[in-house]
Amino acid sequence: MQARVIFLLIFTLLIVTFAVMNIQPVTIDFFFYEAEIKLIFVIIFSILVGAIFMVIISSMNQIKMIKKIKALEKEKAKLKEELEQLKVTNQEIASKKDTDQITENNQN
């Protein structure tokens with residue numbers, strides 16, 4: 001717990017230092033629009049846009065994985081059912097074989 005608090009304090013100190021060191025204004029040209037903004041806001045905006053794209057892409061990948069898991073679970077259920085049917089068939093064949101052997105032994 002204390003290590004976490006110390007880490008957060010150091011991280012906060014680094015962020016504040018970074019922000020203070022990057023307060024100079026920069027000119028942003030975007031097609032026909034021009035604005036003068038503090039550098040720290042440009043950096044924060046860029047980080048936020050990157051984070052949003054990362055969340056979107058991550059969500060899309062997670063949705064694909066969920067669909068794949070559901071398909072695999074359906075296939076698993078189908079295979080389990082098929083296995084149970086094969087076990088029943090196998091038991092029936094074994095029972096018939098035993099019955100045939102008993103009948104054959106009785107005839108001899």
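Which one of A19, A3 is part of a helix (DSSP H, G or I), of a type outside the set (V, I, T) and surrounded by fewer than 10 Cβ atoms within 10 Å (Cβ to Cβ)?
A3
If you go through the stretch 26-48 one residue at a time, do you hit one that is within 38 Å of the chain's Cα centre (by Cα), basic (K, R) and assigned to a helix (DSSP H, G or I)? The answer is no; no qualifying residue exists.
The numbers here are math on the coordinates, done by the rules we state, and not lab data. All values reported here derive from a predicted model rather than from experimental measurement. FYI the Cβ positions are ideal-geometry reconstructions off the backbone, even for glycines, and counts take in every protein chain you see.
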